[in-house]
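These notes are about the structure you will find just below.
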Amino acid sequence: PSTHLSMTFARSHVRTLRCALTLGALTSPALAWPVLARAQGAGKATIEQFMSPASPLTLASAAKADRIAWMVYDRGLRNVYTAAAPSFRAVRVTNFLKDDGTDLSDVEVSDDGSIIVFVRGSAPNRYGWVANPSHDPNGAERAIWAVRSTGGPAWRVAQGAAPELSPDGRTVLFTREGQIYRARVMRGASFTAMDTGGMPFIQAWGRNGSPKWSPDGKRIAFVSDRENHAFVAVYDVATRAMKYIAPSVDCDGGPTWSPDSKRIAFYRRPGTPFGNQQQRGTGGIGNPAGP
């Protein structure tokens, strides 16, 4: 029965999203130009109308509210839009009104739909450089930002990318230099370095990443990559205890929580065969090159 209900909810949620996208495209001033062009008549349409359409990207939806959010690229500007039931009228909630080439991605919505987080800044290249198209002497960064779904000024949360927003919208998790960091979304109370992404929230052996909140917000699953094998680990928020799920010599990844937060599904692929687990030696006195 629970499986049937989950599937029914999922199908209903997909239908809601389809309707929301259609209505949002028609009601958003940034996305409605094709309809306006047809309404004006073919004789009055201009090349600009056909060569500068807005592009909706990175759609996200709230788990417990009829609200969606997405990024719109329109005439060089990148902003976050949101829409909610019953009308699903598209509303712009950020005010980045300069065509400065700053990218926007990774839109996420809290379960109740009240908080939207996103990333501003281009992905780094192979050297770790973030694009600086406006030639700002202060440099460019890739940072996590947040805004209320009801509008108001957006604010910077922490330097990072790929935010994993907690179900209650209070904190985000992200990965940097192989460790998992946390930052509080809302400002106000006193903060420690761990609350602002200044030091790792979960620091463990290996390259750690892909953090996933359990739906109840009590635990965090993540992947610990050990080069030739990988574990799925679970961190308990209340006790700050960590354990590994079915550790082996294989490569585990992609942890996904069940809706009731009691189970985790993950994929497993073979690790590096024992005979191929070669590790270059560091050498020693009289043998600088190693074996």
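The values are calculated or read from the model by the stated rules, or taken from the named source; none is laboratory data. These figures come from a predicted structure and were not determined experimentally. So basically every Cβ, Gly included, is an ideal-geometry build from the backbone, and we count neighbours across all protein chains shown. Quick note on the areas: whole protein, heavy atoms, side chains included, nothing else; ligands and nucleic acids left out. Shrake-Rupley method; radii C 1.70, N 1.55, O 1.52, S 1.80 Å.
At-a-glance table
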item	result
Ratio Rg/Rh, restricted to the range 40-134 and using Cα atoms, in which Rh is the Kirkwood radius	1.06
The range 53-194, Cα convex hull volume normalised per residue, Å³	127 Å³
Paramagnetic reach from W155 in the range 74-94 [backbone N under 17 Å; point 7 Å along Cα→Cβ]	94
Cα Rg, Dmax (largest Cα-Cα span) when computed across the range 112-268, Å	16.7, 50
Packing rank of 197-204, 87-94, where each peptide gets the mean count of other beta carbons within 10 Å, highest leading	87-94, 197-204
The range 190-230 - Debye-derived log10 I(q)/I(0), Cα point model, q = 0.14, 0.20 Å⁻¹	-0.42, -0.76
Separation of the K218 and D100 label points, Cα + 7 Å toward Cβ, nm	4.4 nm
Computed over the range 145-208, the ratio Rg/Rh where both radii use C-alpha atoms and Rh is Kirkwood	0.99
Distant-in-sequence amide H partners of D66 (H built 1.01 Å from N, under 5 Å)	A85
FRET efficiency for Q179 and S55, using Cβ-Cβ distance with R0 set to 35 Å, rounded to 0.05	0.55
Solvent exposure ordering (accessible area, 1.4 Å, most first) of H229, H135	H135, H229
Peptides 103-109, 53-59 ordered by average Cβ neighbours within 10 Å, highest first	103-109, 53-59
Simple spin-label estimate for E227 and A123 in nanometres, 7 Å along Cα-Cβ	2.6 nm
